[in-house]
1. Pick from Ala163, Ala102, Ala152: which is most flexible by mean-square fluctuation in a GNM of the chain where alpha carbon atoms under 10 Å apart are linked?
2. By how many degrees, 0 to 90 and rounded to 10, does the Cα axis of helix 2-41 deviate from the longest principal axis of the chain?
3. Amide H to amide H, which residues 5 or more places from Phe141 or on other chains are under 5 Å from it, using H placed in the peptide plane?
4. Solvent-accessible area per residue for region 23-97 at a 1.4 Å probe radius, Å²?
5. What ³J(HN,Hα) values, in whole Hz, does the Karplus curve 6.51 cos²θ - 1.76 cosθ + 1.60 give for region 122-127 when θ = phi - 60°, with x put for Gly and Pro?
6. Of the candidates Arg91, Arg123, Arg50, which one comes out as most mobile in a Gaussian network treatment of the chain with C-alpha springs shorter than 10 Å?
7. Counting only protein heavy atoms and using a 1.4 Å probe, what share of the accessible area of the chain belongs to carbon plus sulfur, as a whole percent?
8. Please list 3J(HN,Hα) in residue order for region 107-119, calculated via the Karplus relation 6.51 cos²θ - 1.76 cosθ + 1.60 where θ = phi - 60°; whole Hz, with x for glycine and proline.
Amino acid sequence: MADMDKDDEDTDVRADLRDAGIVLAAVTLAGVGLGLLWLWLAPRVQLVARDGSVFLVDTEGEAAVGADGAFVLLALGFGAVSAAGVFWFRRRGGVLLVAALALGGVFASLLAWGVGTWLGPSRDVAERAREVGDGVPFDAFLELHAWGALLAWPVAAMVVHLALTALFGPRDPEPEWPPYHPSEPRDGDDEGRA
């Protein structure tokens, strides 16, 4: 009997590890989508070359902060959707599944940041200024200034998954009240029996 329980536990652990691996891979790969959307939707910082120097077109512009904000908002949305998908995939959750969701969110954010900066405008501003010529505005490279933005996806995923589990997850059976102690007689027991 103990061997059967051990086999069931091994099977459960293997299933948990398999599901956690699927979630980790799927969430991480979704980072490509975030990176592409960030590249497409993030506001651009405009630069212009004059007399061999490169200047900001709008010195009081908020495009750099807007790029960080766009990343955070998109990552929050991706985190919420990924948490809902994981909850739908496996309602009973589990520590490994939630850890894979959080870790996958971190990896996805890093991948999105890499995709957005790699596919975006060149980091070589001087070369780009020479290509376009003096007085012609061009886009600065896309960068993330707020490193905390990389945590938006996993934080949103954890909050949404916790809320979904609390609202719709399986419930533990209610405990008997008042608690029964084996030394006390239960209702309906004959007190005369020994």
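The values are calculated or read from the model by the stated rules, or taken from the named source; none is laboratory data. Treat the numbers as computed from the prediction; the structure is a model and nothing was measured. FYI the Cβ positions are ideal-geometry reconstructions off the backbone, even for glycines, and counts take in every protein chain you see. Please note that ligands, DNA and RNA were not included when accessible areas were found on the heavy atoms of the full protein model with its side chains. Shrake-Rupley method; radii C 1.70, N 1.55, O 1.52, S 1.80 Å.
1. Of Ala163, Ala102, Ala152, the most mobile in the Gaussian network model is Ala163.
2. 20
3. none
4. Result: 56 Å² of accessible area for each residue.
5. Ordered by residue, 3J(HN,Hα) equals 4, 7, 7, 5, 4, 5 Hz.
6. Of Arg91, Arg123, Arg50, the most mobile in the Gaussian network model is Arg50.
7. Summing carbon and sulfur atoms, their accessible area is 63 percent of the total for the chain.
8. After applying 6.51 cos²θ - 1.76 cosθ + 1.60, I find 5, 5, 5, 5, 5, 4, 4, x, 5, x, 6, 6, 7 Hz.
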